[in-house]
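Chemist: The structure under discussion is supplied below as structure tokens; questions concerning it will follow.
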Amino acid sequence: MGKSQKEDIVTKTPDNAKGMDISQKKQIVIKGFGGSPGICIGKAYIVDREGVDLIKRYPVPEEDVATEINRFKNAVKRATDEHASIIESLNSDLSHQLDILEAHLALFKDKMLYGKTIETIKTEKINAEWALKKVLRQVKRMFMKVNDPYLKSRVTDIVQVSEQVMRHLTGAQDIKISDINKRVILVAHDLSPADTSQIQLELIKGFVTDRGGKDSHTGIIAKALGIPAVMGLGNATHKVENDDILIVDGSTGTLIVNPEEDTLFSYEEQSVRYEAQRAIRARESHLPAVTLDGHKFQLMANIEMVEEVVSVRDNAAKGVGLFRTEFLYIDLKRFPSEEELFDKYKEVVDLLSPMPITFRTLDINGDKVLPYMKNIEEENPALGLRAVRFCLKRPEIFITQIKAILRASAFGEIKLLIPMISCVEEIIQVKEIIASAIIELKQEDKIFNSDIPLGIMIEVPSAVIIAEDLAEYVDFFSIGTNDLIQYSMAIDRRNRQVAHLYNPMSPAVIRMVKMVVDAAKKKNIDVVMCGEMAGEPFNLPVLMGLGLTQLSMNPMAIPVIGQMVRRLDVGETKQFVKKIIHMGIVSDIVNLVKEEYGKILAD
Ligand code: PEP
Ligand code: MG
């Protein structure tokens, strides 16, 4: 950049940073993983695990101690009332959940938590939030020493209950993020899908989390909303203070805390450029996704919330290739009824018709825990009672959802997708449940479509190996690379320590995708890819060369993938795949992609 240009810029305030004082604190640069591309500049808002607000300690004068204790007691009362109303709203057939919630009800007045907190406020003359936080820390420490796994697991219940009280104490229930009159960057140790469903996402400029690797669910949500995110930062929440100025560069996975003036201006410029490119792509997104040699691609959207239908349309998706249904369950704070599910699904169908929509059945547990169901104690939740395994164990919940989807199918082109199938027996059982759902709907005289395409997610290595057998039972496969990479490479998708091994260009991943595509073609069924791998331009030449033509991705990724499809040639990518399919080292494959397609990618 020329000198005069730079001087010119220095005299202006960057738009993103307007109203912010350039900090006197030292600039810190922290590297993590890019969870969602884009750049944002804003003030930090720290989400502490023990409450939505950062908990501060302050002394309470002797004469105010009684009032402070009352404040605590009132918070407990409000939390207890709220909890009791959740119990009341639960269906009585969910007796297991009721037991747990009722056990939690007793914990609100537990001596260890309630009595100790009051005592701490009294003796130490400190605010209730800090006293509760301190007591909770002691309880956690005490439980850690216990050998009994049952008792140890009770600590989760205590933490949950105390979080409910803390929210009432800090007023976080009422003072939602929407009440902050400026848009902020959320800094958290971790954000579960349950957390993200609680926050007013339109007020969030960016996400920064300590935990999380590539393709963790927080990243997926951030991408869907076009919010830059950096994850896997280790201990960012300790280095950042509330109201610090942050730059989040989700494209390179960089977080800059209290940037110097020059850094701020340079990022402001990059951000303007990035947004300009995004706008160009959005304008071109309505052009058909056809390759240079005339092959048509179907680019679809992955969504999880009804609100995202706008993004589906704006980015000119040719359908919804994956509707993750678990978020409705998370939002409702209890298992929904068939009628509630049907209403929601029909709403999506009505809004998007005549686009095809693939509803995936409930994929909970693993890292998507329902807040009202934390009772399943598992050493390895990702390998546990997740997705279809949970649904087959709780057929009453599964059949309720299937009936709702079948009923919504009467109003549009719907497909049914089952997650985490790992053997033929599971799909046989699923089909039996679908058959029962059909019988029930007929008996109830409901309008529905009994003949919708049935597909399975291929996201477990065993399913790849027996893909041809599984193909006998279904109409399509949907390759879920987020989990396929996790399970085949044995890397927890939320664990930053092993995120460096998480690479869609791994020879094992590429070869597994090939096996699935080949099996689908041999058995004459459809194959889609709906994992995040499908939405990364870098991977497109390989996916195209492997024979995929249906890709479902974050809606925001559709314009750039479409642009790239129009610049590639299927015949040529097939030759390219022949070169890489036997290569054994990731970096060799990556370098070859860069060598052959670097120019297109750079554009
Ligand atoms: C996947 O595993 O690739 C997938 C699309 O599903 P989810 O990310 O919801 O597990
Ligand atoms: Mg998955």
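Chemist: Starting from the Cα-Cα distance between Q138 and E396, subtract it from 0.36 nm times their residue separation and give me the gain in nm to one decimal.
Modeler: 88.8 nm
Chemist: Separate question: What's the exposure ranking of D293, D331, going from fewest to most Cβ atoms within 10 Å?
Modeler: By the 10 Å Cβ count, ascending: D293, D331.
Chemist: Could you tell me the relative contact order of segment 296-555? Use alpha-carbon pairs under 8 Å, at least six residues apart, and round to a whole percent.
Modeler: 20
Chemist: E62 label point, 7 Å along Cα→Cβ, cut-off 17 Å on backbone N: hits in segment 112-145?
Modeler: The answer is 121-126, whose backbone nitrogens lie closer than 17 Å to the label point.
Chemist: Evaluate the distance, in nm, between pseudo-label points positioned 7 Å from the Cα of E472 and of K578 along their respective Cα→Cβ axes.
Modeler: Each label point is offset 7 Å from its Cα along the Cβ direction, giving 3.4 nm.
Chemist: Also: Report the calculated FRET efficiency for I433 and Q497 (r = Cβ-Cβ distance, R0 = 35 Å), to the nearest 0.05.
Modeler: After rounding, the FRET efficiency stands at 0.35.
Chemist: Let me ask something additional. For the pair K31 and Q443, what calculated FRET efficiency results from E = 1/(1 + (r/R0)^6), where r is the Cβ-Cβ distance and R0 = 45 Å, to the nearest 0.05?
Modeler: 0.15
Chemist: Continuing with this model, one more query. With each label point set 7 Å from Cα along the Cα-Cβ vector, what nm distance links K239 and D343?
Modeler: Result for the modelled spin labels: 4.7 nm.
Chemist: Still on this model: Within 12 Å, Cβ to Cβ, of T120, how many net charges do the neighbouring residues add up to if Lys/Arg are +1 and Asp/Glu are -1?
Modeler: Result for the neighbourhood of T120: +3.
Chemist: Once label points are set 7 Å from the Cα along Cα→Cβ at both K599 and V306, what is their separation, rounded to one decimal in nm?
Modeler: Label-label distance for K599 and V306, simple model: 4.9 nm.
Chemist: Could you list, in their original order, any pairs among K223/K574; K403/K431; K56/K133; K73/K111; K56/K125; K296/K521 whose Cα atoms are separated by more than 19 Å?
Modeler: Flagged as over cut-off: K223/K574.
Readers should treat all values here as calculations from the given coordinates under stated rules, not as data from a laboratory. Because the structure is a prediction, the values reported are computed rather than measured. Backbone-built Cβ (ideal geometry, glycine too); neighbour counts: all protein chains shown.
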